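The values are calculated or read from the model by the stated rules, or taken from the named source; none is laboratory data. Source: prediction; values computed, not measured. So basically every Cβ, Gly included, is an ideal-geometry build from the backbone, and we count neighbours across all protein chains shown.
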């Protein structure tokens, strides 16, 4: 397993270190602005608006480099498609699905960034040739487990809090039983969050 870690906790303690990150993408720029201009803990009031506008997890160039190595990609639960939008800007081959389009009353996503096709986990039966990308699958929901049941591909990329507030116990148990962890990457985290990107390879594949 390869593991590369950026010390995002240090960045939170010293916002001047954020200067080198500005310009990678709109969400990261907003994240930097909030941490540099709004004192703790008031900056946390900005999180609900930003996660609903962009994504529940913050993409970086390094994270997208990892995703690119496992393309073509199929994303389920893409929300407004911010990660898929950045993937497509880089030329990554991605098909993105969500059961609901973004709108003002959608708790998960309120802005559309790129084409998102309507679809549920059953759509993954068509995409065994693609790596599955799951970003913050709903907490205590069968959605992520259903994705594993329907999809028969080789690599799964998960972004979120491991066994805390994304996916379900059944999903993690099934993933660990049937897959091997091959990569792990730290990504930016809001205070109190423990996001990371992990890549898993199906056993025997």
Residue that is farthest from residue 93 (Cα to Cα), among those in the stretch 110-126 that are crowded, with 17+ Cβ neighbours inside 10 Å and in contact with a helix residue (DSSP H, G or I) (Cβ under 6 Å, 6 or more places away or on another chain):
110
With criteria (1) crowded, with 16+ Cβ neighbours inside 10 Å; (2) under 26 Å from residue 33 (Cβ atoms); (3) at pLDDT below 95; (4) in contact with a helix residue (DSSP H, G or I) (Cβ under 8 Å, 6 or more places away or on another chain), residue 168 comes up short on (2)
If residue 140 satisfies every condition in (1) under 18 Å from residue 196 (Cα atoms); (2) exposed (fewer than 14 other Cβ atoms within 10 Å of the Cβ) but one, which is the exception?
(1)
When you look at residue 98, is it free of Cβ contacts under 8 Å to residues at least 40 places away in the same chain, surrounded by 15 or more Cβ atoms within 10 Å (Cβ to Cβ) and out of contact with any helix residue (DSSP H, G or I) (no Cβ under 9 Å at 6 or more places or on another chain), yes or no?
yes
From the list 132, 185, 156, 124, which one is at pLDDT below 95 and not in a loop (DSSP other than H, G, I, E, B)?
185
